[in-house]
1. Wholly within region 4-68, which strands (runs of 3 or more DSSP E) include no fewer than the required count, namely at least 3 residues that are touching a strand residue (DSSP E or B) at 6+ places or on another chain (Cβ under 8 Å) and within 20 Å of residue 129 (Cβ to Cβ)?
2. Any residue at all in region 36-47 that is under 23 Å from residue 174 (Cα atoms) and within 20 Å of the chain's Cα centre (by Cα)?
3. From 238, 253, which residue is farther than 15 Å from residue 19 by Cα, modelled with pLDDT under 95, out of contact with any helix residue (DSSP H, G or I) (no Cβ under 9 Å at 6 or more places or on another chain) and surrounded by fewer than 19 Cβ atoms within 10 Å (Cβ to Cβ)?
4. Here is a check on your reading of the model: is residue 86 buried (at least 20 other Cβ atoms within 10 Å of the Cβ), in contact with a helix residue (DSSP H, G or I) (Cβ under 8 Å, 6 or more places away or on another chain) and in a loop (DSSP other than H, G, I, E, B)?
5. Can you tell which of 172, 177 is assigned to a loop (DSSP other than H, G, I, E, B) and at pLDDT 95 or above?
6. Looking only at region 155-169, filter to residues that are in contact (Cβ under 8 Å) with a residue 24 or more places away in the chain and surrounded by fewer than 21 Cβ atoms within 10 Å (Cβ to Cβ); which one of those is nearest to residue 225 (Cα to Cα)?
């Protein structure tokens, strides 16, 4: 695992108010990076900033932002101008389950805005300076959902496929420029994410274990599937099966996690 401070003195973490984002923020701070914390809930960010400052003696910057809103990602970049941002963690994500025609259209647009537009915008904002300094890291949270067509979570799965392909392409573009890019694809994680999306919560790994696996893979590979060998086997096996079989099986699995009215 690389020494994170070698990338720069600041990290920017989106979706830092809970779950995987909070775990990333704590890990970066423990490694000695100052952190800019981005999320909608300013009260949670302020509490986390106080915790990290006291515990690790680092600087923090609280950047409240709703990345589902047009222009929010640009405003985050503006709030961090002048910082030596060495690590960008694109963690913020949004999901809503249900048959595509039953999901409210504004929610579909919000998912695309948070999961795709904000990710691309923030990466595009910080990457040039990283390349100029010949050091930096960009971590993009994708998902195992991005490896197959995912009925009853169609938009979410599609946005995570975008994140995965973007990360792997940027890894190839920047691997000789001193910038490490990594796509991280967790399976189920024990956070509030499932409940917020409308799924029946089901067991998963801890956010901290996802961060451990991500940082171990950073600089070594373009993407990583977290959550153990069985999760990797299940995810990769869909590439060998007929597409219509994969789509039907994924839909059947998802139907087991959502209310009947949304199927």
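1. Working: elements: 10-14, 34-39, 60-64.
Because the criterion is at least 3 residues that are touching a strand residue (DSSP E or B) at 6+ places or on another chain (Cβ under 8 Å) and within 20 Å of residue 129 (Cβ to Cβ), the strands (runs of 3 or more DSSP E) in region 4-68 that meet it are 10-14, 34-39.
2. No, because not a single residue in region 36-47 is under 23 Å from residue 174 (Cα atoms) and within 20 Å of the chain's Cα centre (by Cα).
3. On the way: 238 fails: out of contact with any helix residue (DSSP H, G or I) (no Cβ under 9 Å at 6 or more places or on another chain).
Of 238, 253, the one residue that is farther than 15 Å from residue 19 by Cα, modelled with pLDDT under 95, out of contact with any helix residue (DSSP H, G or I) (no Cβ under 9 Å at 6 or more places or on another chain) and surrounded by fewer than 19 Cβ atoms within 10 Å (Cβ to Cβ) is 253.
4. On the way: buried (at least 20 other Cβ atoms within 10 Å of the Cβ): yes; in contact with a helix residue (DSSP H, G or I) (Cβ under 8 Å, 6 or more places away or on another chain): yes; in a loop (DSSP other than H, G, I, E, B): no.
So residue 86 fails the test.
5. Details: 172 fails: assigned to a loop (DSSP other than H, G, I, E, B).
Going through 172, 177 in turn, the sole match is 177.
6. The qualifying residue nearest to residue 225 (Cα to Cα) is 168.
Conditions tested, residue by residue: (1) at pLDDT below 90; (2) farther than 17 Å from residue 24 by Cβ; (3) within 15 Å of the chain's Cα centre (by Cα); (4) assigned to a loop (DSSP other than H, G, I, E, B).
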{"residue": "152", "(1), (2), (3), (4)": "no, yes, no, yes"}
{"residue": "155", "(1), (2), (3), (4)": "no, yes, no, no"}
{"residue": "164", "(1), (2), (3), (4)": "no, yes, yes, no"}
{"residue": "200", "(1), (2), (3), (4)": "yes, yes, no, yes"}
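The values are calculated or read from the model by the stated rules, or taken from the named source; none is laboratory data. Predicted model only: the values in this text are computed from it and were never measured. Virtual Cβ from ideal backbone geometry, glycine too; neighbours counted across all protein chains shown.
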